[in-house]
Every structure is written in C-alpha cells, then in structure tokens.
1. Condition (residue is out of contact with any strand residue (DSSP E or B) (no Cβ under 9 Å at 6 or more places or on another chain) and assigned to a loop (DSSP other than H, G, I, E, B)) applied to the range 145-153: is it met by at least one residue?
2. With the requirement that a residue be part of a helix (DSSP H, G or I), more than 23 Å from residue 80 (Cα to Cα) and touching a strand residue (DSSP E or B) at 6+ places or on another chain (Cβ under 8 Å), what does the range 191-229 give you?
3. Consider residue 156 carefully, then state whether it is loosely packed, with under 14 Cβ neighbours inside 10 Å and polar (S, T, N, Q).
4. Just checking, how many residues over the range 114-138 are more than 19 Å from residue 12 (Cβ to Cβ), at pLDDT 90 or above and part of a loop (DSSP other than H, G, I, E, B)?
5. Just one of the numbered conditions (1) of a type in the set (Gly, Ala, Ser); (2) touching a helix residue (DSSP H, G or I) at 6+ places or on another chain (Cβ under 7 Å); (3) at pLDDT 95 or above is not true of residue 76; which one?
6. From the list 104, 11, 35, which one is touching a helix residue (DSSP H, G or I) at 6+ places or on another chain (Cβ under 8 Å), assigned to a loop (DSSP other than H, G, I, E, B) and not hydroxyl-bearing (Ser, Thr, Tyr)?
7. Of all residues being charged (D, E, K, R) and loosely packed, with under 12 Cβ neighbours inside 10 Å in the range 6-61, which is modelled with the lowest pLDDT? Just the residue, please.
8. Within the range 14-32, track down each residue that is assigned to a loop (DSSP other than H, G, I, E, B), touching a residue at least 12 places away in the same chain (Cβ under 8 Å) and within 21 Å of the chain's Cα centre (by Cα).
Amino acid sequence: MSVSTDRIIDIFLIKINPDGSEETLHHLLNPGMPIPEQSSAIHHIFDKDVEGKPSFKDVAHDLNRFLDGCDFAGFSSNRFDFPLLVEEFYRCEIDFEIDTRKFIDVQRIFHIMEPRNLAAAYKFYCDCELENAHSAEADTKATYEVFKAQLDKYEQLEKSIEGLHKISGQGNLVDLAGRIVMNEKGQEVFNFGKHKGKTVDEIFTREPVYYDWIMKGDFPLQTKRVVTKLRLRRFNKK
C-alpha cells in the first residue's frame, strides 16, 4: 500500500452528529487508472464496475463539505485510510484541515483490549458474522458497531474524543504518515532513514539538501507540506 500512488475507489462514510443522528455518504469512484488484480481479488471491484463513475475530484468539494467540522474514527485508519483521504484532497488542491481534528483508530483500541482483526472484533463485540468483508459499506458499518460496543464494554476506557484520540496512538505524529514525530522533548524528529531520531532542525542546518531530497522523493504531499512548514519556521526564527 502506498499513500502516494494508491487511489480511493469505494468510500462509505457515517457521520454521527452531536444529537446522535446519523448521515451516510457513499461513492464508487473511477480512479483514472487500472485497478490492480490483487486489489480486485480483495474488494471485488473491477474496472468495469467504475466505468462512468465520478472521479474523486468530481466529488471532492461535496466530501469536504460533508466532513466539515468532523473528527474521524476508522479501523486501522490512522496508518492508511486517513492519510490516503487527505492525499486525495491535496491532489485536488483542497487544503483539507487536519490540525483541528481528532483521529480515533478503532483497530488500535481493539488490539489493545482484544488483539484480533475486524471480523473477529465484530464477532467478539457484536456476536455477528461479517458478511461481504472488505467492501467499504460492510467494513464501515461493522467498524461503527464495534466502536459503539467498545464504548459500552470498557468502563476504564476514557470516553472523550481527546482520550480516544490518545489511545489511538496519533498523539506524537507530526504528519499523518508518521515520517515526522515528536520526541520526549517536544521536538520534531525524523522517523525514517539514515537520520531517524535526529531533529528536523539539526538536519536542515547540517544537511540542507536533505529537504530537496524529500521534496523530490516518493513521500505523501501532506508529509512534504509539513516538512516545508518546519523548514519555513526555521527560517522565520533567524
């Protein structure tokens, strides 16, 4: 899986409003490229299924409005789904806001409390078999049911958005892909490659060409934006 090159072809969202009411949104999307056979073998969506369907760009503004002011919850979503969604928005030149949102990973809560996968979680928490697994609708609905059951089951689980955000492991990430993280001193450090564990300020001072290498490399656009923001902050301090 690659946030930089993969595309969304099936998106199903459940929005839970403060009053508890729910709204759903579902789009089958044409990625503008052939769907890999190995991917179709998992989700059972083929090129013929997306012929004539809108692209992500066609629905991006509607999606952005639908998600306005929303925090997020998903299954194994902090590592791939959220970064990929943000990347799709950036490709459409929509500056999708992430700094004010919280990200709750239902899989991480599940793995901390009951280490298994979505089908097992659905069986364990809801006593249901997951039908049509790997379709966006089935997985999204099952994830939502699992999440509600987790909140009911674990008295020790902090029920606030902030608490769920922290237990989902998003707290120290500076970019969604986790290439830049905060260390114990509150400094941004690289979390990959030869400079892993070293501060961004240190490397950009000692090896400024590293910034150019990142900008030209196969990194998500959101990661590049964060790195550019850190570089500009360093210049503004001078």
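The values are calculated or read from the model by the stated rules, or taken from the named source; none is laboratory data. On a predicted model such as this, the values are computed, not experimentally measured, just so you know. Cβ placement follows ideal geometry from the backbone for every residue including glycine, while neighbour counts extend to all protein chains displayed.
1. The answer is no; no qualifying residue exists.
2. 200, 201, 203
3. yes
4. Final tally of qualifying residues: 2.
5. Of the numbered conditions (1) of a type in the set (Gly, Ala, Ser); (2) touching a helix residue (DSSP H, G or I) at 6+ places or on another chain (Cβ under 7 Å); (3) at pLDDT 95 or above, the odd one out for residue 76 is (3).
6. 35
7. 37
8. 29, 30, 31
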